[in-house]
Every structure is written in structure tokens, then in C-alpha cells.
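Heads up, the thing below is written out as C-alpha cells.
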Amino acid sequence: MKGTVHYELKDNVAVLTVDNPPVNPLSEGVRNGLYEGMEKALTDDSVIGVVITGNGRAFIAGADISEFGGKPEGHSLNDVFNKIETSVKPVVAAMNGLALGGGLETALVCNYRIASPSAFVGLPEVNLGLLPGAGGTQRLPRLVGPAEAMKMMIIGSHIPANKALKLGVVDDLSDDVVKSSIEFIQSVKNDQNHPQIRNIDKNIIEFRGNDDVFNEMKQFAAKIRKGQFAPGQIIKCVESAVNETDFDNGLKKEGELFLECLMHPQREAMIHIFFGERAAAKIDDVPRETHKQEIKKAAVIGSGTMGGGIAMCFANAGIPVHILDQDEDNLKRGIGVINKNYEMMVERGRLKPEAKEFVTGLITSSLNYDDIHDVDIVVEAVYENIDLKKKIFEQLDEVTKPETILATNTSGLDVDGIASVTKRPEKVVGTHFFSPANIMRLLEVVRGNESSNETLATIMDLGKKLKKASVVSLNAPGFIGNRMLFGYSNQANMLLLEGALPHEIDGALEAFGMNMGPFRMFDLVGLDLGWRARKLGKLETPLQAKISDALCDQDRFGQKNGKGFYNYVEGSRAPHPAPENEELYIKVSEENNIERRQISEDEIVERCMLGLVNEGTRILSEGVAQRAADIDIVYINGYGFPIWRGGPMHYANSMGLDKIVDRLDYYFEKTQSDVFRASEFLRNLANNGQKLGNAPELGDREPKKSFNVVNAGDL
Ligand code: 3HC
């Protein structure tokens, strides 16, 4: 049984301390401990009140997420909360740290709440496809009003203690929450009544019978949580909190709606991602206790969009960073962009002016390699040219301390090739940031053949400090993310050749939940990249790229020159269909003997998803990704896959691998395309009724692809 609660008597006050490291979730042992602790305190005549607090950095981080979907054991949260709420002795929540979800709900059934100034509170259940199901949707609106409460629950934000005090979520702040709570109980020991949030209605009464606030919230939720089930349920709960005159009726409604969320596939998908993200930060064969180097100072080579964004990540994490460029004008421009980005954050209220001064003060720059001799890590972020990168690494190897980690920010170049020019290949690693690096959460960490455990552990630790979702990939063409795009993009392009138009394909995939359809993405990246590479290498255009190359021949390069698969109005990124392209689509289809036809949305989604999933299973079968969930983390954080579908591999598991193999076989028979050739690995899993999980053991893996045999233009 996980977790316990310590019972102590201090000055006639029972102090119940939740102990369930590291963040004190309400596991069975904690629920039982709180229930029994309350009973003991209530039956001991010498006890004048109860303080509930947590051990370590958290008060209580919520219900135990690992228990969802299983059979509940021990005292329920409802039993515990009834015990607290019906107590005749005052109960104070001494909120020493994080109070999230069921943790804040615990505090809300107490009579009083005193928080440490460093505590954070919030009801982030929505991130797990859930709603606050232990009274949070009924009690929070009574403290802060329905609009603020719904905003907190739909965003799932963590609110700092001083803001919680202003909003009225907590009553007071103290550096020593337990001592202050005991003193407080002594000051109210003779009071007959202690406040209960269930009896407060001054903040909700004016909204009774008025739908405006709820309609506004529905629009807000549709915008920031597109396609998600839980936000609508949260709004319904708060409607009950406002409109039901009997508190218990609202509570009952919350219980019913919570259960619907619990049974919904989105809940399973989003909890898969919660644990997947934490698992992805661990590398199976790198022991947890591996020594990590301290990163006190960093350098970034290149002051372009990527370099600037990466430098901002370091500065935002409080790590001094030096930017190096070889060109003074570029450097000036790059520093200017960084300053503008920070100014915009201040204007939008996302950064305080004094915080801007602090972070920009951490960024220095120069043209001289000698200036980075003492840094602990260098991230090289120049454009994708292996010869240039090798030259830079030779220089870095000369000027930096022997222990400095040398990272290359590449989306697809051979990290071992780059490491080979240094005398410290064990200190070389790939760090594939996504653009804009200061905003996108994904960090693909590319493990070279010789990257040491210490280097890898240090980078994973650094990823957490930079607030990234880090995923390890072996050094293989396209790593995880870009390689998977191959099958997906291939099918999007084939569908275009077969008769679907770009906005139809994008529309179908966006309705499925993708943040951006493939043709909007191609236009954003630039159609000319592949076209130029093929021209330069005198390579033949593959069938799937025929239309894209033909567009480039007509000077349609994508967003960069205002026309590609779509048209763009200057200064806007909004795509407008381009009917003038249709003649060209028909011509290219004809030239390639492809008969154009009407294609359904279902077929569009199915073929693109099969392309994505099948390449993912190959990546797993080669051990390029450690686990299927790692691939899901990459796709959700870097490629706009909807979190509520749990990522492409979870999606395949939830469809059933036997069905996936059936459909791959169906399309393979029709097209003979390698995109649909199901691997033996996938077939075996499907035959045995298994799911995509860990990569096979070392000896059972398919050989990973080599950089020599894969044409970069194909990825
Ligand atoms: N239940 C079970 N395990 C939890 C947990 C929880 N609520 N919260 C965190 N953990 C585990 C993590 O899985 C991780 O385990 P690991 O070390 O084995 O990988 C460990 O605790 C540490 O977590 P993090 O690595 O995430 O630590 P951080 O310091 O980065 O973050 C945190 C701490 C902000 C608390 C973050 O873990 C978090 O956001 N947790 C979830 C909070 C939440 O969503 N609470 C609501 C739960 S649902 C609920 O309460 C329903 C109720 O309304 C009925």
C-alpha cells in the first residue's frame, strides 16, 4: 500500500503529515491515514483542532494517477472528505508546497488554508482528460466566482501562492505553515462555528440563471482545448454549482460527470502521455544514479532563428549563455530578434520588465571562439551542412575545456560523423530543438555510438531544466520525428495525385485533430528545399514529389514567397486555396497515369495515419526509439498530433494491431507501396494480441538504417 500519514500532537493540535514521496499523491495509504488520523483526533478530547500538511516539497499533488482505471481500494476520497468537512474541531490545511487536483480539493474541505509563499495551487485534472472530481468544481467557484474558477480548471494552470491569496483561494501566507496553523487554531478554539466553503454563495449567486459566462467559457475551451471532452464537462459542473440551490446536488452531478470522463478514451490517452513523458526522460541502460555534469554556463554557435531560440531557453532557465557568430551583422540581427521576442513577452504580460532585464543580462555575444573556453556545454546551431558542422566541431574541440559537452542541433545529420572529428566523441550528442526553440517543448536527444552515460544523463537533466519534453533517439536517418513524416507525407502527396485537393486533405487531418495539415506544413517549411537538393544532386523527382517540384518550377515555394499549395496575403500566415494550381495537379496526375477521383475524409485520415504508424513500428523494431510512448511524446510535442488521441502509437494500440495489419495489407495489395508493408515485428505483436510497447531486446532488433543508404531528400 503506497503512502502513509504521520500523526503528531503539538500543543493540543493533531498534525497529520502526508508522506508519499516525491509529491504526496492521495494513494490508498494516504487516504486511510487521513481518515484514521481524523478519527483519532476527533475522539481525543485533548485535541482542539487538526492541521493537515505534507512532507517535502508538496502538500498533496492530487489523486494517485496510477490508480485510475483500476479497482479502488481502502477509504475513498469521499469518505475522507466527509470526515474532514463534518469535523466539529477546526481543520487547517497547512499548504507547505504544491497543492494540485485532489490536493487543493483536500484544502478546500478544510475550514482554513494557510500557504507557504513558495506554494502553487491548481486544479489541472483537465490535462489528464479529467475534471476535479472531489468537490473542486463546486467549491472553487464559491471562492473565486465561476469565470475565474472555470478559467483555472480549463487552462489547468498552477497559481502561485500570492495570487491564490489575492483570489481568496487561501486565507493567509506563512513561512512556517505548521506553526502558524497551530497558533491560528489556538486563536479560534473557542469559536462555535468554523467556515465551510459549501455554505458560501456570495460569489455565485449573481450568475444564477445567466448563461453568458458559460457561453463565453465554451468558446474559450473550444479555442484552447480543441477536440477535448473534459472542458465541456467542467463547464457543466460549474453550471450546477451556480444553479443548484442544494450543494449536494451539485456534488452529485460532479460525480456523474467525473465518471463519464474516467470512462472516456481521452482519459486513458492523456494519462498515457503523462506517464510516457516521465518515462521518456529515463534511458533504459543509463542507471538513474549516473553522475551528471553541472551546467553553469553555456554557449550557442550561430545567431539565427534556432541559435537565438536555444539561447533564450538557457537564459529562461537562469543559465548564462554566450552566443557566437562569425558575422557581425548576423549577430546584431540575432540579438535584436531575441530582444524583440522578450519585449513582446513583456507587452503581452507574460514576462515582468525586471525579469526581462535579468534574462537578457544572462546573454552575451561575440565573434571570438576564445570567449567560450570555459563553458560547460556548447550547442552548435548553424545551418544543416555536415562539412561546416565538422569544421566547427574541430574548432570547438580545440578551444573548450576537455569536459565540455559538444552538442549539435541537427534535424537529421549523422551525429557520429560529426563526433568523429573530435578527440572526445563520448562528449558529443545531438540536440534537435524544434522551431521556435524557446516555445516548442520537444527536444530530441540523439545518442551517438560513443555518447557516454554521463553525457546522456547530463543532457536529459538539462532538458528538464529547460522545461523540455526530452526523448532519446539513436543516431539514424531522420531520428524519430522526421523519419515518421516520410510515410505520412508520402500518403498526403499520393492522395493529392489521386484527386484530393490540399485543403481537403488538410481539412480531414485537422478535423482528426492534427494542429496543421500536411500541405500547410509543406508551405511553412518551404517546397523549394527538396527541389533544390534534387537539382543540386541531379536526382530524379520521386513520384510523390512530382507536384511539389512542378509548383517550384512555377516559382511557388510556399509561405516564404506568398504562394505554394496555398496563396498567402502579405503579412499573414492564413492559407487561402489556390484554384489556379488545379490544372497543374490534373496534368501531373495524367502524366503519371494516375486517374483522379473523389476521395473520402475517412480514406485520407486512414492512409496518412497508417503511413505514420507503420514507420513508427519500424523505428521501434530497430530500437531507434526505446518505447512506443517515446514516439507519442515526439509526435504530440513536435508535430501537432492531438494529445487526446495519445500519440500515433497509442492510437494504433487503441484501434487494435490486428486491424492495423489488416488495413496495411489491404492498401499494400492495392498499391504495392513500401509505406504499407507491415513489418514482421508488427505482425508478430498483432498475432499474439499484444500492443506496441518497448523496443525489442538488443539481439532481436531489425538492423537500423544507415546514413549512407538513405537519401536525405526522401526524409
Ligand atoms: N499520482 C501519481 N504519481 C504522481 C503524481 C500523481 N498525482 N504526480 C506526480 N507523480 C509521480 C510522477 O509520475 C513521477 O514519478 P517517477 O519519478 O516514477 O517518474 C514523480 O511523481 C515525480 O513527478 P515529476 O517528475 O512530474 O516531478 P515534477 O517536480 O517535475 O512535477 C508535479 C511535479 C507538478 C506535481 C507533476 O508531477 C504533476 O503535474 N503531477 C500531476 C498533478 C495532477 O495532475 N494532479 C491531479 C491528479 S487527478 C485528481 O486529483 C483527481 C481528483 O480531482 C479526484
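The values are calculated or read from the model by the stated rules, or taken from the named source; none is laboratory data. Quick caveat, the model's predicted, so the values are computed rather than measured. Positions of Cβ are backbone-derived with ideal geometry, glycine not excepted, and every protein chain shown enters the neighbour counts.
Brief remarks on what is shown
- Qualifying residue in the stretch 107-126 (condition: surrounded by fewer than 23 Cβ atoms within 10 Å (Cβ to Cβ), farther than 19 Å from residue 258 by Cα and among the aliphatic types (A, V, I, L, M)): no
- Filter pass, residue 198 being closer than 21 Å to residue 155 by Cβ and at pLDDT 95 or above: no
- Filter result (surrounded by fewer than 21 Cβ atoms within 10 Å (Cβ to Cβ), in contact (Cβ under 8 Å) with a residue 24 or more places away in the chain and under 24 Å from the mean Cα position of the chain (by Cα)) within the stretch 508-541: 511, 512, 513, 515, 516, 524, 525
- Considering the stretch 59-72, the residues that are more than 6 Å from the ligand (Cβ to nearest atom) and free of Cβ contacts under 8 Å to residues at least 60 places away in the same chain include one that is surrounded by the most Cβ atoms within 10 Å (Cβ to Cβ), namely 60.
- If you go through the stretch 332-351 and pick out every residue that is touching a residue at least 24 places away in the same chain (Cβ under 8 Å) and either touching a strand residue (DSSP E or B) at 6+ places or on another chain (Cβ under 6 Å) or closer than 10 Å to residue 303 by Cα (or both), you end up with 5.
- Apart from one condition, residue 656 fits all of (1) on the phi > 0 side of the Ramachandran plot; (2) surrounded by 17 or more Cβ atoms within 10 Å (Cβ to Cβ); (3) without any contact (Cβ under 8 Å) to a residue 60 or more places away in the chain; the exception is (2).
- Here the stretch 172-192 is the region considered, the condition is being of a type in the set (Val, Ile, Thr) and buried (at least 18 other Cβ atoms within 10 Å of the Cβ), and the residue that is nearest to the ligand (Cβ to nearest atom) is 177.
- Selection of the stretch 126-171 for residues being in a helix (DSSP H, G or I), away from the ligand (no atom under 16 Å from the Cβ), more than 21 Å from residue 91 (Cα to Cα) and not aliphatic (A, V, I, L, M) yields 146, 148, 151, 162, 163, 166.
- Check on residue 88, out of contact with any strand residue (DSSP E or B) (no Cβ under 8 Å at 6 or more places or on another chain) and among the aliphatic types (A, V, I, L, M): yes
- Among residues of the stretch 18-47 that are away from the ligand (no atom under 13 Å from the Cβ), those with a Cβ under 6 angstrom from a residue that is assigned to a helix (DSSP H, G or I) and of a type in the set (Gly, Ala, Ser), sequence gap 6+ or separate chain, pair up as 47/41.
- Any hit, the stretch 91-108, residues being of a type in the set (S, T, N, Q) and either without any contact (Cβ under 8 Å) to a residue 60 or more places away in the chain or more than 9 Å from the ligand (Cβ to nearest atom) (or both): yes
- Only a single item in (1) within 16 Å of the ligand (Cβ to nearest atom); (2) over 17 Å from residue 173 (Cβ atoms) is not met by residue 54, and it is number (2).
- Among the residues making up the stretch 185-210, those that are in a loop (DSSP other than H, G, I, E, B) and either on the phi > 0 side of the Ramachandran plot or in contact with a helix residue (DSSP H, G or I) (Cβ under 8 Å, 6 or more places away or on another chain) (or both) are 196, 200, 201, 203, 204, 208, 209.
- Any helices (runs of 4 or more DSSP H) falling wholly within the stretch 343-447 and containing at least 1 residues that are at pLDDT 95 or above and closer than 29 Å to residue 536 by Cβ: 386-399, 415-419
- For residue 242: the one exception among (1) out of contact with any helix residue (DSSP H, G or I) (no Cβ under 9 Å at 6 or more places or on another chain); (2) of a type in the set (Val, Ile, Thr); (3) at pLDDT 95 or above: (1)
- Among residues of the stretch 636-652 that are on the phi < 0 side of the Ramachandran plot, those with a beta-carbon under 6 Å from a residue that is of a type in the set (D, E, K, R) and modelled with pLDDT of 95 or more at least six positions away or on a different chain give the pairs 637/441; 649/632; 650/632; 651/645.
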